[in-house]
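K.L.:
Quick one: structure below, then a few questions.
The values are calculated or read from the model by the stated rules, or taken from the named source; none is laboratory data. Quick caveat: nothing in here was measured; it's all calculated off a predicted structure. All Cβ positions, glycine included, derive from the backbone under ideal geometry; neighbour counts span all protein chains shown.
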Amino acid sequence: MFSKKTLTRGATLVALTATSFATLAEEVNIYSFRQAFLIEPIMEKFTAETGIKVNILFAKKGLIERVKREGELSPADLVLTTDISRLVKLTSQDLTQSVNSDILNKNIPTQYRDPENQWFALTTRVRNIYSSSERVGPVEITYQDLAKPEFKGKICTRSGKHPYNVSLVASVIAHEGEADAKVWLEGVKANLARKPQGNDRGQVKAVKDGLCDYALGNNYYLGKMVNNPKQVSWAEAVSINFPNQKTTGSHVNVSGVVLTKYAPNKASAVKLMEFLSGDVAQQMYAEVNYEYPVKVGVKPSKLVASWGEFKADTLPLADIAKQHKAAVKLLDEVKFDL
Amino acid sequence: MSAFSVDESGSFQHLIDTVLLDYTLTTLQVIAGVLVLSLCFALPSAWFIACCEFPSRKVLQWALMLPLALPPYIVAIVYTDLLDFSGPIQGFLRDFMGWQSVGDYYFPDIRTTSGAIVILALTLYPYLYLLLRGAFLGQSGGLFQAARSLGLSPFQAFKRVSFPLSRSAMAVGLSLIAMETLGDFATVNYFAVNTLTTAVYDTWLELGSLTTAAKISSLMLLALVILITLESYSRRKQKIYQRSGATHTDLRFVLSGWHKWTVLSGLWLLLSLAFLLPLCVLIYYAIGYFSESLNEQLWQYTLNSFWLAIIVAGLALLVALVVNFYQRLSPGLAAKMCIRLSSLGYAVPGTVVAIGVLIPFTSLDLWFNQQLIEYSFSRVGLIFSGSLFILIFGYLMRFSAIAVGSIDSSLAQVSPTLDMASRSLGQSVGQTIRRVNFPLIKKGMLTAFILVFIEAMKELPTALLLRPFNFETLATYVYQFVSDEMIEYAALPALLIVLMGLIPFIVVNRLLEKDC
């Protein structure tokens with residue numbers, strides 16, 4: 001297709017560009033599973049403070065495979081992602097390196113980082129059960145309740161295969177074992193008002209439209225909907241409930257960061273990690289994205305705080321991540337999405 | 001961390017035990033549905049446009065291709081917004097009829113297999129329309145007239161003369177649509193329809209089994225290749241070369257009375273549903289959120305998309321010409337394989353293609369850098385897999401099929417006797433191609449270029465995963481918002497995708513019209 005000459009020329013040209021980039025000022029490269037516009041304001045702050053430029057590549061699928069294939073040549077310094085299973089996947093495939101930073105250790109409580117310091121959580125989020133404020137009101141409820149016959153035709157959720165739901169199922173497996181989890185999941189499936197579809201906001205909308213009375217959804221979506229002129233009426237139609245308060249506590253997932261094994265800009269990358277765990281960034285995560293900061297002492301946003309204190313599931317995140325595959329398979333077995 | 005160790009053996013069996021049958025049936029259902037519906041849209045419209053005369057025919061002739069410029073996932077979102085419970089249509093019905101809640105009435109749910117079929121057919125039928133119209137136009141009108149004068153009704157003449165003559169074009173068009181449907185993930189996923197593509201994603205990205213994912217992909221492709229081969233085998237004896245002469249253009253039926261009105265309303269309805277309505281919704285959103293969505297980078301993203309699409313379209317055309325002429329000059333199994341191979345990428349979902357091309361090119365990069373170090377140069381990094389090179393290559397893998405198919409069907413109409421005559425008059429192979437073949441397939445070449453250009457403008461998953469840092473196309477930019485269900489913010493860049501797709505379209509159309 002290309003002549004050899006063109007190929008060589010092209011390669012030289014690209015090589016020159018690549019090397020000239022490398023000699024530029026300090027920078028950090030991020031592969032991000034999170035939308036760029038969510039984290040850009042935080043990165044801009046970082047650049048303003050340190051002068052280090054941040055490059056972000058955002059995609060929702062395949063980034064782990066890309067880092068893996070690129071091996072020691074990968075330009076990525078950090079991978080930013082939501083969901084514990086992805087953090088553990090990166091670590092277990094030997095794509096990360098440990099970071100020994102006093103700042104990180106001080107800012108991030110032990111349960112929110114890998115025992116070997118391979119991954120670090122930056123924010124936590126709760127898998128809530130929303131209920132119709134008109135037809136149900138605030139309720140004391142457990143994830144287990146969702147399988148009870150009286151909830152028949154009343155529940156909405158996004159695809160079971162979405163990482164947030166997979167992790168919830170994994171946590172149930174971790175608590176109750178696979179057999180009980182299967183009975184539970186079959187029960188939930190039988191109670192669904194419609195085939196799993198859309199995203200978490202879509203479920204809240206469905207509650208507003210009267211399609212169902214209960215919906216699974218992460219806490220921060222409510223914050224975002226309250227601040228979206230088109231969606232505020234959806235938000236007003238639901239009450240937010242923290243499940244399992246009298247039992248195991250609400251299922252909590254994280255967003256986090258890893259330093260890649262071959263990070264070319266290690267020093268700057270660690271600086272950015274430290275920045276992300278620090279007061280300024282943690283506050284921004286809380287205010288802009290309505291997540292719970294991991295750093296002790298940083299308050300959640302006023303809105304999030306107004307939902308009240310809650311008891312979180314204390315099961316170590318790594319234990320939940322271990323059940324990830326079992327959860328995916330269980331979702332297939334009960335044909336949750338079909 | 002055994003949970004993430006690669007489990008190759010169990011996952012295929014797991015799929016067979018659980019959801020594989022459901023996924024397969026749904027996939028077949030979706031493909032069959034999209035093919036039948038596309039045929040229902042494309043066949044009559046192509047024939048009426050090519051063979052009949054009625055008001056607004058000249059506009060419709062190109063306008064019916066416009067839906068190609070709309071990304072299917074955008075159309076899916078727009079229609080869901082319009083048709084779901086809180087959308088304007090159901091809202092209007094409730095107000096009008098005094099219904100209160102969901103239980104009071106029945107309204108078809110768009111997020112179903114049928115919904116996905118309709119949306120895919122609405123966005124994909126233009127491929128078939130384009131090829132069929134070309135085929136009908138190319139048929140000499142004399143044949144049809146002869147059939148009529150021998151006592152056949154127009155419908156019989158169509159069935160027994162025009163239809164068989166267009167089979168090759170129909171086969172190419174339908175197989176393009178089948179491939180695009182197989183490769184689609186975004187639309188079916190949005191409609192919560194689980195197909196084999198879902199299985200590919202789940203096994204590869206969630207269960208970590210590349211082998212199983214590859215197995216499913218290969219089975220899907222194999223089924224498709226068998227179908228395409230069967231089809232071409234069934235018409236192996238049919239070789240049709242047209243003599244130019246009186247074409248339908250000179251002998252169009254003039255429609256009148258209720259015929260005219262039926263055809264007119266049918267075609268305009270199709271155009272409205274497939275293009276005008278979604279376009280209006282996008283314009284409405286874009287105006288409402290204009291100040292929020294207009295920014296300086298938008299221009300840069302537009303340029304990125306544009307140049308990328310131009311380069312990819314040019315290269316795809318080149319690939320198509322090479323493999324097609326290879327087959328024409330030395331036909332045989334090898335050439336056939338070449339054509340089939342160059343086309344397969346189209347049936348594979350973009351993310352799978354993307355990871356697929358990452359594998360060889362990262363290996364190449366690692367090898368290349370190793371060599372550099374051995375000869376004591378310094379490393380240069382990922383010059384293939386970390387640059388635009390791999391992005392362009394990934395696009396080519398995805399879209400060569402369209403160019404190959406388009407050149408194939410237009411070259412099929414050029415009789416080899418012309419080549420023979422040219423050769424016997426002392427022209428070399430190259431001269432024959434340049435002076436005889438090229439002018440005759442000019443239209444096909446332009447079509448190939450345009451179609452790949454438009455597809456490249458819309459392409460999302462390949463771009464998302466293979467792009468270098470700080471490189472956005474309009475599609476990846478749109479996706480940032482769409483993935484967060486903020487279609488309003490995505491409307492302006494989505495409109496730009498459509499507009500950029502229209503430009504070459506209009507230019508080429510001008511060129512073609514001058515020709516006629």
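K.L.:
Which residue pairs have Cβ atoms closer than 7 Å, lie 6 or more positions apart in sequence or on different chains, and pair a first residue in segment A:209-232 that is within 14 Å of A:Val136 (Cβ to Cβ) with a second residue that is of a type in the set (A, V, I, L, M) and in a strand (DSSP E or B)?
P.N.:
Going by the 7 Å Cβ cut-off, the qualifying pairs are A:Cys212/A:Ile155; A:Tyr214/A:Ile129; A:Tyr214/A:Ile155.
K.L.:
Among the numbered criteria (1) over 15 Å from the mean Cα position of the chain (by Cα); (2) of a type outside the set (Lys, Arg); (3) away from chain B (no Cβ under 14 Å), which single criterion is violated by A:Ser92?
P.N.:
Here A:Ser92 clears every test but (3).
K.L.:
Another one. Please verify whether B:Arg133 is under 18 Å from the mean Cα position of the chain (by Cα) and among the basic types (Lys, Arg), treating the condition exactly as stated.
P.N.:
For B:Arg133, the condition - under 18 Å from the mean Cα position of the chain (by Cα) and among the basic types (Lys, Arg) - is met.
K.L.:
I would also like to ask the following. Mind telling me which of the residues B:Ser415, B:Ser409 ends up being polar (S, T, N, Q) and either farther than 29 Å from B:Ala309 by Cα or within 14 Å of chain A (Cβ to nearest Cβ) (or both)?
P.N.:
None of the other options fit; the residue is B:Ser415.
K.L.:
Still on this model: Does A:Ala215 fit the bill of being facing chain B (nearest Cβ under 10 Å) and either under 17 Å from A:Arg127 (Cα atoms) or in contact with a strand residue (DSSP E or B) (Cβ under 8 Å, 6 or more places away or on another chain) (or both)?
P.N.:
Taking the combined requirement at face value, the residue does not satisfy it.
K.L.:
OK, next. Which count do you get for residues in segment B:233-252 that are surrounded by 15 or more Cβ atoms within 10 Å (Cβ to Cβ) and either modelled with pLDDT under 75 or of a type in the set (A, V, I, L, M, F, W, C) (or both)?
P.N.:
The total comes to 5.
K.L.:
Please return the ranges of helices (runs of 4 or more DSSP H) entirely within segment B:5-83 where 1 or more residues are within 21 Å of B:Ala171 (Cβ to Cβ) and within 14 Å of chain A (Cβ to nearest Cβ).
P.N.:
Where helices (runs of 4 or more DSSP H) fall fully within segment B:5-83 and carry at least 1 residues being within 21 Å of B:Ala171 (Cβ to Cβ) and within 14 Å of chain A (Cβ to nearest Cβ), they are B:20-51.
K.L.:
If we keep just the residues of segment B:444-463 that are farther than 27 Å from B:Ala135 by Cβ and surrounded by 24 or more Cβ atoms within 10 Å (Cβ to Cβ), which is nearest to the other protein chains (Cβ to nearest Cβ)?
P.N.:
By that ranking, first place goes to B:Pro461.
K.L.:
Helices (runs of 4 or more DSSP H) wholly in segment B:277-337 with at least 1 residues that are within 14 Å of chain A (Cβ to nearest Cβ), modelled with pLDDT under 85 and surrounded by fewer than 19 Cβ atoms within 10 Å (Cβ to Cβ) - which ones?
P.N.:
B:290-293
K.L.:
A further question on this structure: Identify, by number, the condition in (1) under 21 Å from the mean Cα position of the chain (by Cα); (2) at pLDDT 85 or above; (3) within 13 Å of chain A (Cβ to nearest Cβ) that B:Arg398 doesn't meet.
P.N.:
Evaluating B:Arg398 over (1) under 21 Å from the mean Cα position of the chain (by Cα); (2) at pLDDT 85 or above; (3) within 13 Å of chain A (Cβ to nearest Cβ) leaves (3) as the failure.
K.L.:
Hey, any hits in segment B:108-124 for a residue that's assigned to a helix (DSSP H, G or I), modelled with pLDDT under 90 and not hydrophobic (A, V, I, L, M, F, W, C)?
P.N.:
The answer is no, given that none of the residues of segment B:108-124 is assigned to a helix (DSSP H, G or I), modelled with pLDDT under 90 and not hydrophobic (A, V, I, L, M, F, W, C).
K.L.:
Taking the options B:Tyr190, B:Tyr129, B:Tyr125, B:Tyr201, name whichever one is under 20 Å from B:Ala223 (Cβ atoms) and touching a residue at least 24 places away in the same chain (Cβ under 8 Å).
P.N.:
From the options B:Tyr190, B:Tyr129, B:Tyr125, B:Tyr201, the qualifying one is B:Tyr201.
K.L.:
Here's something else I'd like to know. Take the conditions in contact (Cβ under 8 Å) with a residue 24 or more places away in the chain and more than 7 Å from chain B (Cβ to nearest Cβ) and apply them to A:Glu44. Does it pass?
P.N.:
When the stated conditions are applied, A:Glu44 does not pass them.
K.L.:
Then there is this: Run down A:Ile30, A:Ile103, A:Ile84, A:Ile52 and say which single residue is crowded, with 17+ Cβ neighbours inside 10 Å and more than 12 Å from chain B (Cβ to nearest Cβ).
P.N.:
The unique qualifying residue is A:Ile52.
K.L.:
Out of contact with any helix residue (DSSP H, G or I) (no Cβ under 7 Å at 6 or more places or on another chain) and crowded, with 16+ Cβ neighbours inside 10 Å, is that true of B:Leu388?
P.N.:
Answer is yes for this residue.
K.L.:
Assess whether B:Tyr233 counts as being over 20 Å from the mean Cα position of the chain (by Cα), more than 14 Å from every other protein chain (Cβ to nearest Cβ), on the phi < 0 side of the Ramachandran plot and not acidic (Asp, Glu).
P.N.:
Answer is yes for this residue.
K.L.:
List the pairs whose first member sits in segment B:140-162 and is hydrophobic (A, V, I, L, M, F, W, C), whose second member is surrounded by fewer than 16 Cβ atoms within 10 Å (Cβ to Cβ), and whose Cβ atoms are under 8 Å apart, counting only residues at least 6 apart or on separate chains?
P.N.:
B:Phe144/B:Leu251; B:Ala147/B:Gln156; B:Ala147/B:Arg160; B:Leu152/B:Arg160
K.L.:
Please work out if B:Phe471 is surrounded by fewer than 24 Cβ atoms within 10 Å (Cβ to Cβ) and in contact (Cβ under 8 Å) with a residue 60 or more places away in the chain.
P.N.:
Considered against the rule, which asks whether it is surrounded by fewer than 24 Cβ atoms within 10 Å (Cβ to Cβ) and in contact (Cβ under 8 Å) with a residue 60 or more places away in the chain, B:Phe471 comes out as yes.
K.L.:
Being free of Cβ contacts under 8 Å to residues at least 12 places away in the same chain and surrounded by fewer than 19 Cβ atoms within 10 Å (Cβ to Cβ), is that true of even one residue in segment B:47-58?
P.N.:
Yes, segment B:47-58 contains at least one residue that is free of Cβ contacts under 8 Å to residues at least 12 places away in the same chain and surrounded by fewer than 19 Cβ atoms within 10 Å (Cβ to Cβ).
K.L.:
Quick one: in segment B:204-227, which of the residues that are within 22 Å of A:Lys89 (Cβ to Cβ) and polar (S, T, N, Q) is nearest to the other protein chains (Cβ to nearest Cβ)?
P.N.:
B:Ser209
K.L.:
Here is a follow-up. Say we look at segment B:352-362 and pick out the residues that are closer than 14 Å to B:Phe384 by Cβ and more than 8 Å from every other protein chain (Cβ to nearest Cβ); which of these is surrounded by the fewest Cβ atoms within 10 Å (Cβ to Cβ)?
P.N.:
Looking at the filtered set, the residue picked out is B:Pro360.
K.L.:
For segment A:301-328, enumerate the residues that are among the hydrophobic types (A, V, I, L, M, F, W, C), in a helix (DSSP H, G or I) and within 19 Å of the chain's Cα centre (by Cα).
P.N.:
A:Val304, A:Leu317, A:Ala318, A:Ile320, A:Ala321, A:Ala327, A:Val328
Conditions (1) of a type in the set (Phe, Trp, Tyr); (2) free of Cβ contacts under 8 Å to residues at least 40 places away in the same chain; (3) surrounded by 20 or more Cβ atoms within 10 Å (Cβ to Cβ), marked per residue:
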position	(1), (2), (3)
A:Val280	no, no, no
A:Glu287	no, yes, no
A:Ala305	no, yes, no
A:Glu309	no, yes, no
A:Ala312	no, no, no
A:Ala318	no, no, no
A:Lys322	no, no, yes
A:Leu331	no, no, yes
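K.L.:
Identify the single condition in (1) within 14 Å of the chain's Cα centre (by Cα); (2) free of Cβ contacts under 8 Å to residues at least 24 places away in the same chain that A:Glu70 does not satisfy, given that it satisfies every other one.
P.N.:
The single condition A:Glu70 does not satisfy is (1).
K.L.:
Another question, if that's okay. So is A:Gln111 over 30 Å from A:Asn191 (Cβ atoms), modelled with pLDDT under 95 and out of contact with any Phe, Trp or Tyr (no Cβ under 8 Å at 6 or more places or on another chain) or not?
P.N.:
yes
K.L.:
How many of the residues in segment B:363-388 are at the interface with chain A (Cβ under 7 Å from one of its Cβ atoms) and in contact (Cβ under 8 Å) with a residue 24 or more places away in the chain?
P.N.:
The total comes to 3.
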